[in-house]
């Protein structure tokens, strides 16, 4: 009778031990999943942060480009007798600095010539006009065309 009682106690202890081990394993797996989820969350947040910065930069660059185009247009009309003026030289340095900042952000000029085929992925249509010229050709260059490389 004593042996059967001991056997029964051992069996119950073994079941409890197995249950505890299973519970420990379940907790460990849950903890590991939680750790992996947290790591994925951190990576996702970092990616979203980079995207926000990228889109903010793109927005700012998009607003600066017409200003730089106007700046370039105005400096193209400096009278010859004033090109060596110190003030004009300073303005030209500022223009170069603006272009360098844009280049640092990956903005580059596109080589577009009159007669080039219109590509809606990189060109901006100012207006559409039907005439006798071949369809989808660039007619004139109003502004400098630029491209931003998305990193």
(request) Please order 77, 123 by the number of other Cβ within 10 Å, starting at the fewest. (result) 77, 123
(request) In nm, give the distance between the simple-model label positions of residue 69 and residue 27, each being 7 Å from the Cα along the Cα-to-Cβ direction. (result) 6.6
(request) Mind sorting 1, 92 by how few other Cβ atoms lie within 10 Å of their own Cβ, fewest first? (result) 1, 92
(request) Please give, to one decimal in nm, the separation of the simple spin-label points placed at residue 84 and residue 45, each 7 Å out from Cα toward the Cβ. (result) 6.1
(request) Give me Rg over Rh for segment 1-49, both radii from the alpha carbons and Rh done the Kirkwood way, two decimal places. (result) 1.52
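Bear in mind that the values in this text are calculations on the coordinates, not laboratory data. All values reported here derive from a predicted model rather than from experimental measurement. Methodologically, a virtual Cβ is constructed for each residue, glycine included, from the backbone with ideal geometry; neighbour enumeration extends over all protein chains shown.
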